[in-house]
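Here, each number is a calculation from the coordinates, and none is a lab measurement. Keep in mind the model is a prediction, meaning the values are calculated, not measured. No Cβ is skipped: glycine too gets one built from the backbone with ideal geometry, and neighbour counts run over all protein chains shown.
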Amino acid sequence: MAQKGPMITRTAPTWHTQDWQNQLSNAISSVAELLELADLNSQDLPAQLKAHQDFPVKVPRAFARKIEKGNPRDPLLLQVLPTHQELNTVPGFGNDPLQEAQFTPVPGLIHKYRGRVLLTTSTTCAINCRYCFRRHFPYSEHRISQSQMDRILEYLRQDPSINEIIFSGGDPLATSNTRFGQWVQQLEAVPHIKRLRVHTRLPVMIPERIDSQLLNIIDNSRCQWVFVVHCNHHNELDTAFHQAIKLLQVRNVQLLNQSVLLKGVNDNACILAALSETLFQMQVLPYYLHLLDPVAGAAHFDISETRAQSIYQELLGLLPGYLVPTMVRETPQALSKTPICPEKQNVS
Ligand SMILES: *Cc1c(COP(=O)(O)O)cnc(C)c1O
Ligand code: SF4
């Protein structure tokens, strides 16, 4: 199968599948434990904390260790700590902000944009991000069984305009290598598929996920690969992440990053610039900076579009163009992400 020219020596990871699977199943699952690890007690925090039953606390330990101790405003902590504000009902923030149902011709497949389809391949993630736009997603209806995969393949075969598959989720890498490898093999058998893109937070959360079996899948693939990782703040990036993505980069996997603009986490041009700089040291290019999707329970992360535009304007003044992510909003009916332009420049 390998069609990537002569075998070259490739660096191999020193970790094993068991390592990441253990970390995945041993994630922190209670506010109490999270606070203990962050050296905080609940008096440091506003009012009572209550995680929605259908969106529990879930934080990999490696991520929790990057939280600054004793800082209730730590940007990593804020991404994972439930607050009472999640229970607020805010006009405009609903359960299905993207209204994707009409773009789902086959369960598990969203075909909204030309040339690419998004597969909701996995029902879980390594982490539960409190701002997640899929927090109310009916995953059980979207879990991909083999019979559904057969329907997906049938759909793809009939539409030669589709040349890219986006593995999304949940997190597509929260799945076993066996399952993931089977999907890849089946999808690649459709001749007009050229690119496989993986939207994943796992390399940042549990870098050991980039294990040798996964690398084998990539080595044996005829397609071009893109990994879009998801990192919101440079404190999330460390040497373990760097080591893991190097294993991908030597295999010519294109690494990109997407972030969500989040109040209290990264709503600041200097922080966003530091994120881009750190990513680029690891040869990851910033791709998208998403405005928050208006999902119920996440309104406390929202900032106004005007403020987003002024942050973006400032960011443009801090970085070379290639390190500025495109700021976008997801609009339910639009046929691409909608770029948000900076404010008109005030040249004084
Ligand atoms: C974001 C998204 C994509 C990918 O869009 P790109 O601009 O190619 O990154 C594809 N399908 C859906 C439904 C999406 O929401
Ligand atoms: S990893 Fe992505 S899909 Fe999963 S909870 Fe976080 S934002 Fe949502």
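Any residue in segment 152-169 that's in a loop (DSSP other than H, G, I, E, B): show its pairings with residues that are more than 11 Å from ligand 1 (Cβ to nearest atom) and of a type outside the set (Val, Ile, Thr) at Cβ separation under 7 Å, as long as the two are six or more apart or on different chains.
Final answer for the pair search is Pro160/His192; Ile162/Leu156; Ile162/His192; Asn163/His192; Asn163/Lys194; Gly169/Ser122; Gly169/Cys125.
Considering (1) within 16 Å of ligand 1 (Cβ to nearest atom); (2) closer than 24 Å to Thr17 by Cβ; (3) hydrophobic (A, V, I, L, M, F, W, C); (4) within 20 Å of the chain's Cα centre (by Cα), say which one Leu187 fails and leave the rest.
Every listed condition holds for Leu187 apart from (4).
Please work out if Asn257 is touching a residue at least 24 places away in the same chain (Cβ under 8 Å), in a strand (DSSP E or B) and buried (at least 22 other Cβ atoms within 10 Å of the Cβ). Give the derivation first.
Details: touching a residue at least 24 places away in the same chain (Cβ under 8 Å): yes; in a strand (DSSP E or B): yes; buried (at least 22 other Cβ atoms within 10 Å of the Cβ): yes.
Yes.
Where residues in segment 174-225 are among the basic types (Lys, Arg) and in a loop (DSSP other than H, G, I, E, B), which of them is nearest to Val250 (Cα to Cα)?
The qualifying residue nearest to Val250 (Cα to Cα) is Arg222.
Test Asp171 against the stated conditions and say whether it is within 16 Å of ligand 1 (Cβ to nearest atom), closer than 27 Å to Glu208 by Cβ and either surrounded by fewer than 20 Cβ atoms within 10 Å (Cβ to Cβ) or among the acidic types (Asp, Glu) (or both).
On the way: within 16 Å of ligand 1 (Cβ to nearest atom): yes; closer than 27 Å to Glu208 by Cβ: yes; either surrounded by fewer than 20 Cβ atoms within 10 Å (Cβ to Cβ) or among the acidic types (Asp, Glu) (or both): yes.
Yes; evaluated as a whole, the condition is true for this residue.
For segment 136-150, does any single residue satisfy the condition of being away from ligand 2 (no atom under 12 Å from the Cβ), of a type in the set (Ser, Thr, Tyr) and closer than 30 Å to His300 by Cβ?
So far as segment 136-150 goes, yes, one or more of its residues are away from ligand 2 (no atom under 12 Å from the Cβ), of a type in the set (Ser, Thr, Tyr) and closer than 30 Å to His300 by Cβ.
Which pairs turn up if I take residues in segment 261-289 that are within 16 Å of Glu305 (Cβ to Cβ) and hydrophobic (A, V, I, L, M, F, W, C) and look for partners that are within 16 Å of ligand 2 (Cβ to nearest atom) and part of a helix (DSSP H, G or I) with beta carbon separation below 9 Å, at least 6 apart in sequence or on another chain?
From segment 261-289, the pairs are Leu261/Phe301; Leu262/Pro75; Leu262/Leu78; Leu262/Gln79; Leu262/Phe301.
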